[in-house]
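Below is one structure, written out as structure tokens; comments come after it.
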Amino acid sequence: MSSQVPAGMREISYREAAREGLREALTKDDRVFLMGEDVGRYGGSYAVSLGFLEEFGPDRIRDTPLSESAFVGAGVGAAIGGMRPIVEVMTVNFSLLASDQIINTAATYLHMSGGQINVPLVIRMATGGGLQLAAQHSHSLENLYAHIPGLKVLTPATVEDVRGMLATALADPDPVLIFEHILLYNRKGLLPEQAGAVDIDHARIRREGTQVSLITYGGSLWKCLEAAERLAGEGIDAEVLDLRTLRPLDDEAILATVRKTRRVVIVDEGWRSGGISAEIMARIHEQAFYELDVPMERVCAAEVPIPYAKQLEDAALPQVEDIVAAAQKVVNGNG
Amino acid sequence: MSSQVPAGMREISYREAAREGLREALTKDDRVFLMGEDVGRYGGSYAVSLGFLEEFGPDRIRDTPLSESAFVGAGVGAAIGGMRPIVEVMTVNFSLLASDQIINTAATYLHMSGGQINVPLVIRMATGGGLQLAAQHSHSLENLYAHIPGLKVLTPATVEDVRGMLATALADPDPVLIFEHILLYNRKGLLPEQAGAVDIDHARIRREGTQVSLITYGGSLWKCLEAAERLAGEGIDAEVLDLRTLRPLDDEAILATVRKTRRVVIVDEGWRSGGISAEIMARIHEQAFYELDVPMERVCAAEVPIPYAKQLEDAALPQVEDIVAAAQKVVNGNG
Amino acid sequence: MTETAEPLTGNIAAVHALDLFRKMLRVRRFEEKCAEMYSNGKIRGFLHLYIGEEAVGTGVMESVAPEDAVVATYREHGHALLRGISMNAVMAEMFGKQEGCSRGRGGSMHLFDKTTNFIGGNAIVGAGMPVAVGYALAAKMKNSGAVAWCVFGEGAMAEGEFHESMNLAALWQLPVVFCCENNFYAMGTALDRSESETELVEKARSYKVSAEKVDGMDVLATEAAARRAAEHARSGKGPYFLELQTYRFKAHSMFDAERYRSKDEVKDHELQGPLRTFAARLKASGILDDQKREALEADIAAEISAAVSFAEAGTPEPVSELGRFVYSEAQ
Amino acid sequence: MTETAEPLTGNIAAVHALDLFRKMLRVRRFEEKCAEMYSNGKIRGFLHLYIGEEAVGTGVMESVAPEDAVVATYREHGHALLRGISMNAVMAEMFGKQEGCSRGRGGSMHLFDKTTNFIGGNAIVGAGMPVAVGYALAAKMKNSGAVAWCVFGEGAMAEGEFHESMNLAALWQLPVVFCCENNFYAMGTALDRSESETELVEKARSYKVSAEKVDGMDVLATEAAARRAAEHARSGKGPYFLELQTYRFKAHSMFDAERYRSKDEVKDHELQGPLRTFAARLKASGILDDQKREALEADIAAEISAAVSFAEAGTPEPVSELGRFVYSEAQ
Ligand SMILES: Cc1ncc(C[n+]2csc(CCOP(=O)(O)OP(=O)(O)O)c2C)c(N)n1
Ligand SMILES: Cc1ncc(C[n+]2csc(CCOP(=O)(O)OP(=O)(O)O)c2C)c(N)n1
Ligand SMILES: [Mg+2]
Ligand SMILES: [Mg+2]
């Protein structure tokens, strides 16, 4: 990140931006409160809510016991009861303990009640690997939730999105899950002085290009942008599309970049089989079959529980070299 | 099912076949036991284990409290402890309460322990819709588990498979999930007198055809076969591939039928976005791109929590007409 | 029975007593009609009847205030009717009609009603508990004075969500009344095969939650206990747990061979049935006589057949509407 | 301290007492080295130290028989060493080497050892409990006489899996010893903000499980209690629950500002530290003197530096091996 900060912008870390978004939400609407394990006295396992307990008090910054299913379900009930809860689940790995509440309750109430009972609940979770936390802390399971009708799934990759998507999610009448990649918290980025709520209905081109589309989201966005730089060095002009929202997917934006470059690499950190990349590939196949000159490529995590050892974890997760190789393959027909 | 039973075969219901498989397993190996809600005194929620309590006793036919996470986790521990537990979770919908044990524990132990601790656990679950049980009893979530490295996922559609896959699963050193579609239990089929363990590594052609491949599994197999009959009436010769195992997928068999017909319809009862059909489509795209003349089609569940009312449930789930229409589209270029 | 029935004592007004009886009877007859409609195929899916347990819902619902919420299970027809959802809307729901209280999407297991805060109709055992706790949390934070009534069976107490929900409600002193309908079976699993501690109030007390064991076959005892629970919760003293001992006279759902209990066991309980015993007491107190009873039966029969006709005449939700209510529609 | 330390009483053999001290000291010094290796980047990921809690693992492990299983948490280095996994293998694991006890795939939070039935190394809080229950079920069905030792923190008791596991173990009378290491904090959440009932033995008793509260800073008291627990479980009397009161002297993991407790609070507990107090008693009993202490320290230091060299010299698992151990390999 360059030290040159353009006018009207400021440099801020992803963690700080997430914190600003939370603070703004808590300040603007007294129905909003934050609930989860160690969000208060500890300051949040990733220090996002550090200082909030003092600032907003224990009624609105609620440390919960280790009871994922109950406090996520309590978020559902509180939302129905007129509050605007933000529930923090430390990582998506632990969210499996609450997956019944999320999938069988939060996602079904509106439909089962014939449109009567909507659930304006926001759930934040950390996701992803890269810190050598091994097989119970490193997985990217957001695609499991992206499969579920009734949920919306957001994956902010930028400081502007992590700050602004929260406000949009809170304004949404239905359950919204927000996934923050653990490697992004310390990452700095530029934020417009006037930053506020952002649209969550559209994917965004993060880098214009003409020869190959790198379609991705979250933590992998930055790997794709780096890959694009390297490819530029080799004379390959890559476009990078940040999906931003995994459910619903922005088909229009996906098809637009595909029609433009006719060559596609899809990158995500989940396991390859049955991951979100498969769905994107399927949609492109169905809707742009005749626009493709060569088969699309997926760059995903190896199909192993993420191991601890650095070299193994690195090998298991998509790396810039893998993305570059995949792009070279679709462009030049070789890897 | 015709009343003519060929020599060496006998007619039997899917429920009976599942029961025979269980009985054989319990008889052959005293390390095997069955554990789950109401498997004993009640006789199994779908009456599969009716009479087993009397036959094998309460030590091996264990009624559990309503504690999905604990009794599935207990299956993991018992498997490590040298037993061969068969854990029954009434339906895949409830299995979300045990998804942490299945995904974070059963699927990770072998890898996290560097190959030391394998988990020879078999979990049986009912899946699927069609009985107007609404949004908390009707979903097909097997693809969520098919995404997880370390698990094997079996979806028997025939009486031979539901009987024989259990033995193969019990012989497997690693966790195996078996999904039985609720609509199949009363379905009759022909079983070889010498029925026994069946291979779980290969998909099977259930109907030979030349013009279009209908790729499916489980409850949808029978809809595809019926669709194939109808298509035959219109002079369209459809091949039907029964995947049988969702993890690992049998790429060879999938590609073989695709290369043969060059036209593909994939059918499953899960929601379309991020379902198993997307993965199959992606694999075919990656490996048989140049063999396809027209885009593949997916016939999946509508992206709604399955509703109660008959006409709505029917509309939400894949029907024979939908499969026929999709096949016509890929063959004739119209729906 | 009748001869041994003791008359009502104390200051229970005759009208009120008769009203309680009418409410129980109304639920009983409604459930009987549902069974009939199920066997003739008008109602589909799973159907869990409340027959035998009417005194519980009737007694409890007397203390439920308009602003309160009720979070129930798949065995909730009675609670829905007692909460004030029209019989028409409930029957139409089970017929899968647009006029149903869940627009035909929920069916028997998923009755919902926003206007009375009837939050299901939950068919994942135990899953309603955290929702009730959350509703109570909102009530406390908003200082609305509302109480969340959480209804569940004794079998649900083995689920982790019971443990987590009780602890959270107690830790945060939330206005939740946990109503355990102990009918002694979870499908085919008897209480003592489901819980190592069968003294359910002891389980509740282990969370420092005030708890009472109540004869759920006695509508007056149930009503009185629910009143105490409501006062406790409403006055900011935190959650309250009621073990309401009752019995399920019919099968768990419509597919159930009932191999896990004897016909005699069921008979014995039927003889102590909530309607039968209360009717006897009302008679012994001169509050109810055959004529009054017939009048009640006639009114209820009329309401029920009207509900059936209403449901019959209802509109099946058009298939074109399938995709609605997955996400909220812009107002 | 020393002056007030009471000598050992009763029939505790000097050699045994000294051995217990040596074991605690070995764990302490090992953990100190881990902290050092973490700050110099040799150990990565999360690192949860056992410093302050050594008496618990040491006292408990004395009763663990060869056929028994131990199911622990992410704070398990001490248990692993005490169970008999070589220090080399544990250190190599944290260095991510092939020679590690999990072949470098598990790291600090996932130590495993098949030969001693050390079943993790579990980093999902509460998730080890059902596994321990299942191992005990197998032991009971096979009549192997084995006991499953389930180690967890007090924070884990709020999880639904605690509730479900205790009930299942009690219902089926399984040989499980539930060892709750109550260090009064779950990350930054103090016990009284995590449990409505802070008398943890009462929670255990609500499942009809025999329970004892133990001074987990006293290795002898812990050893004695664990022996009672083992006898109980091994003799077919069902599960046993130990609340082992202790304290975590260091941060929860390596990223922790410790804003949730005061430095003084930590100091006070350190003054009552298990090593410090036991050393004083041994001295008062004439079992330990400076010379003996130095000898112990020297032996341990040697073992530790050997372990570090071993780990340093270990082989990084080749990337080509990444895909192994997802499924078992044909023998
Ligand atoms: C999580 C979950 N597990 C299993 C089931 C299947 N099931 C439905 S009702 C029931 C028994 C519940 O018993 P109890 O809580 O006592 O309520 P009752 O039916 O007796 O009123 C079971 C096992 C379910 N619906 N949800
Ligand atoms: C299910 C789950 N939720 C949250 C976490 C994050 N976490 C790791 S340790 C811990 C605190 C556990 O406290 P306790 O059980 O008392 O054990 P201690 O660390 O004090 O030894 C938390 C919240 C986790 N690993 N798993
Ligand atoms: Mg019951
Ligand atoms: Mg602790």
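The values are calculated or read from the model by the stated rules, or taken from the named source; none is laboratory data. This structure is a prediction, so every number in the text was calculated from the model and none was measured. Cβ coordinates were reconstructed from backbone atoms using ideal geometry, including for glycine residues, and neighbour counts include every protein chain displayed.
Here is how the numbers come out for the structure above:
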{"read-out": "Residue within segment A:202-214 that is closer than 29 Å to A:R10 by Cβ, in a loop (DSSP other than H, G, I, E, B) and in contact (Cβ under 8 Å) with a residue 60 or more places away in the chain present", "value": "no"}
{"read-out": "Residues of segment D:123-162 that turn out to be within 26 Å of B:V32 (Cβ to Cβ) and either away from ligand 1 (no atom under 16 Å from the Cβ) or under 13 Å from the mean Cα position of the chain (by Cα) (or both), as a count", "value": "22"}
{"read-out": "Subset of segment C:126-161 (residues that are on the phi > 0 side of the Ramachandran plot and surrounded by 24 or more Cβ atoms within 10 Å (Cβ to Cβ))", "value": "C:G126"}
{"read-out": "Test result for C:E164, of a type outside the set (S, T, N, Q), within 16 Å of ligand 2 (Cβ to nearest atom) and part of a helix (DSSP H, G or I)", "value": "yes"}
{"read-out": "Within segment C:212-261, tally of residues that are within 16 Å of ligand 1 (Cβ to nearest atom), of a type in the set (S, T, N, Q) and surrounded by fewer than 18 Cβ atoms within 10 Å (Cβ to Cβ)", "value": "0"}
{"read-out": "Residue that is nearest to ligand 2 (Cβ to nearest atom), among those in segment D:167-209 that are of a type in the set (S, T, N, Q) and within 24 Å of B:L66 (Cβ to Cβ)", "value": "D:S196"}
{"read-out": "Out of D:G126, D:G96, sole residue that is more than 16 Å from ligand 4 (Cβ to nearest atom) and within 9 Å of another protein chain (Cβ to nearest Cβ)", "value": "D:G96"}
{"read-out": "Residue within segment B:317-329 that is surrounded by 24 or more Cβ atoms within 10 Å (Cβ to Cβ) and either modelled with pLDDT under 95 or within 14 Å of chain C (Cβ to nearest Cβ) (or both) present", "value": "yes"}
{"read-out": "Looking only at segment D:99-116, and only at residues there that are more than 8 Å from chain B (Cβ to nearest Cβ) and surrounded by fewer than 22 Cβ atoms within 10 Å (Cβ to Cβ), the one that is farthest from the chain's Cα centre (by Cα)", "value": "D:E99"}
{"read-out": "Any hit, segment B:171-181, residues being away from chain D (no Cβ under 13 Å) and farther than 16 Å from B:Y46 by Cβ", "value": "yes"}
{"read-out": "Residue that is nearest to the other protein chains (Cβ to nearest Cβ) [pool: residues in segment D:147-161 that are in a helix (DSSP H, G or I) and farther than 16 Å from C:S194 by Cα]", "value": "D:A158"}
{"read-out": "Helices (runs of 4 or more DSSP H) contained entirely in segment C:172-272, each with at least 3 residues that are basic (K, R)", "value": "C:219-234"}
{"read-out": "Residue within segment D:197-204 that is surrounded by 23 or more Cβ atoms within 10 Å (Cβ to Cβ) and closer than 23 Å to D:V131 by Cα present", "value": "yes"}
{"read-out": "Selection count, segment B:9-54, where residues are surrounded by fewer than 23 Cβ atoms within 10 Å (Cβ to Cβ) and assigned to a strand (DSSP E or B)", "value": "6"}
{"read-out": "Conditions (1) within 12 Å of chain D (Cβ to nearest Cβ); (2) in contact with a Lys or Arg (Cβ under 8 Å, 6 or more places away or on another chain); (3) more than 15 Å from ligand 1 (Cβ to nearest atom); number of the one not met by B:T108", "value": "(2)"}
{"read-out": "Every residue from segment D:170-189 that is more than 14 Å from ligand 4 (Cβ to nearest atom) and within 21 Å of the chain's Cα centre (by Cα)", "value": "D:P175, D:V176, D:V177, D:F178"}
{"read-out": "Count of segment B:158-182 residues which are among the hydrophobic types (A, V, I, L, M, F, W, C), crowded, with 24+ Cβ neighbours inside 10 Å and farther than 17 Å from B:A197 by Cβ", "value": "2"}
{"read-out": "Among (1) over 22 Å from the mean Cα position of the chain (by Cα); (2) surrounded by 14 or more Cβ atoms within 10 Å (Cβ to Cβ), the one test that C:A279 misses", "value": "(1)"}
{"read-out": "Filtered residue count, segment B:20-74, keeping only those that are acidic (D, E) and within 11 Å of ligand 1 (Cβ to nearest atom)", "value": "4"}
{"read-out": "Residue list for segment B:18-70, filter: in contact with a Phe, Trp or Tyr (Cβ under 6 Å, 6 or more places away or on another chain), more than 11 Å from chain C (Cβ to nearest Cβ) and within 14 Å of C:R259 (Cβ to Cβ)", "value": "B:I61"}
{"read-out": "Matching residues, segment B:230-251, being away from every other protein chain (no Cβ under 14 Å) and in contact (Cβ under 8 Å) with a residue 24 or more places away in the chain", "value": "B:R230, B:L231, B:E234, B:I236, B:D237, B:A238, B:E239, B:V240, B:L241, B:D242, B:R244"}
{"read-out": "Matching residues, segment A:65-95, being in a loop (DSSP other than H, G, I, E, B) and over 14 Å from C:H163 (Cα atoms)", "value": "A:G81, A:G82, A:M83, A:V92, A:N93"}
{"read-out": "Residue identified as among the small types (G, A, S) and in contact with a Ser or Thr (Cβ under 7 Å, 6 or more places away or on another chain) among D:A170, D:A148, D:A204", "value": "D:A170"}
{"read-out": "Which numbered condition A:G57 fails, given (1) under 20 Å from C:A139 (Cβ atoms); (2) crowded, with 24+ Cβ neighbours inside 10 Å", "value": "(2)"}
{"read-out": "Those helices (runs of 4 or more DSSP H) lying entirely in segment C:1-120 with at least 3 residues under 20 Å from C:E317 (Cβ atoms)", "value": "C:87-94"}
{"read-out": "Residue within segment B:220-233 that is surrounded by fewer than 24 Cβ atoms within 10 Å (Cβ to Cβ) and among the polar types (S, T, N, Q) present", "value": "no"}
{"read-out": "Only one of D:Y207, D:Y247, D:Y185, D:Y260 that is within 26 Å of D:E32 (Cα to Cα), of a type in the set (F, W, Y) and away from chain A (no Cβ under 14 Å)", "value": "D:Y247"}
{"read-out": "For C:A80: the one exception among (1) surrounded by fewer than 22 Cβ atoms within 10 Å (Cβ to Cβ); (2) within 25 Å of C:M157 (Cβ to Cβ); (3) hydrophobic (A, V, I, L, M, F, W, C)", "value": "(1)"}
{"read-out": "Failed item in (1) touching a residue at least 12 places away in the same chain (Cβ under 8 Å); (2) more than 22 Å from A:T168 (Cβ to Cβ); (3) surrounded by fewer than 24 Cβ atoms within 10 Å (Cβ to Cβ), with A:R84 passing the rest", "value": "(2)"}
{"read-out": "Evaluation of D:R22 against (1) within 15 Å of ligand 2 (Cβ to nearest atom); (2) over 11 Å from the mean Cα position of the chain (by Cα); (3) not acidic (D, E) (one fails), failing number", "value": "(1)"}
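To keep it simple, each residue is scored yes or no on (1) in a helix (DSSP H, G or I); (2) aromatic (F, W, Y); (3) away from ligand 2 (no atom under 16 Å from the Cβ).
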position: A:L97; (1), (2), (3): yes, no, no
position: A:N104; (1), (2), (3): yes, no, yes
position: A:V119; (1), (2), (3): no, no, yes
position: A:R124; (1), (2), (3): no, no, no
